[in-house]
Amino acid sequence: MRVQRRPPSPRWPTWTAAPTASWPRCWPRWPNDTRLVAAALGPYARHLDAAAWRQAVLKCVFSGVPLAAVADLDSRADSELAAMLAALAAERHAAGRELPADATDLLDRLTAALPREA
């Protein structure tokens, strides 16, 4: 790899390329590490506001994290989460894929609890 040296600057690094091949391969890919998503939705989830919590639940469904890992799921789930899950289910159905069973069960419970409009 050819590296060009730049003059020192307080805003830019001295080297224009970093030797990324020397990074350990055991480092996880942070955004896609399902262990971190599951850990964040354990007891720590009480610190998340409602919107962030709903997005994290959808991340679990999307990435295959079992919803059993989500703390206080039944008490915090609301109609907005039901609408988000229904939209994700429709999107997956259009793509020829199914929603995980635990997400389908949650969606069924939430839609059954919603008041019917006349």
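The values are calculated or read from the model by the stated rules, or taken from the named source; none is laboratory data. The structure presented is a predicted model; accordingly, all values stated were derived computationally and were not measured. Glycine gets a Cβ as well: all are built from the backbone with ideal geometry, and neighbour counts include every protein chain shown.
Take Thr104 and decide whether it is closer than 16 Å to Cys60 by Cβ and either within 17 Å of the chain's Cα centre (by Cα) or surrounded by 11 or more Cβ atoms within 10 Å (Cβ to Cβ) (or both).
Details: closer than 16 Å to Cys60 by Cβ: yes; either within 17 Å of the chain's Cα centre (by Cα) or surrounded by 11 or more Cβ atoms within 10 Å (Cβ to Cβ) (or both): yes.
Spelling it out, Thr104 is indeed closer than 16 Å to Cys60 by Cβ and either within 17 Å of the chain's Cα centre (by Cα) or surrounded by 11 or more Cβ atoms within 10 Å (Cβ to Cβ) (or both).
Are there helices (runs of 4 or more DSSP H) fully within the stretch 1-104 with at least 2 residues that are at pLDDT 90 or above and within 26 Å of Pro115 (Cβ to Cβ)? List them. I'd like the intermediate steps shown before the answer.
Details: elements: 34-40, 50-63, 73-76, 79-94.
So the answer is 50-63, 73-76, 79-94.
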* Does Arg76 satisfy the condition of being among the basic types (Lys, Arg) and either loosely packed, with under 11 Cβ neighbours inside 10 Å or within 19 Å of Leu36 (Cβ to Cβ) (or both)? -> no
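Out of the stretch 105-118, which residues are of a type outside the set (A, V, I, L, M) and either under 26 Å from His47 (Cα atoms) or part of a helix (DSSP H, G or I) (or both)?
We begin by selecting, within the stretch 105-118, every residue of a type outside the set (A, V, I, L, M); these are 105, 108-109, 111, 115-117.
Asp105, Asp108, Arg109, Thr111 - these are the residues of the stretch 105-118 that are of a type outside the set (A, V, I, L, M) and either under 26 Å from His47 (Cα atoms) or part of a helix (DSSP H, G or I) (or both).
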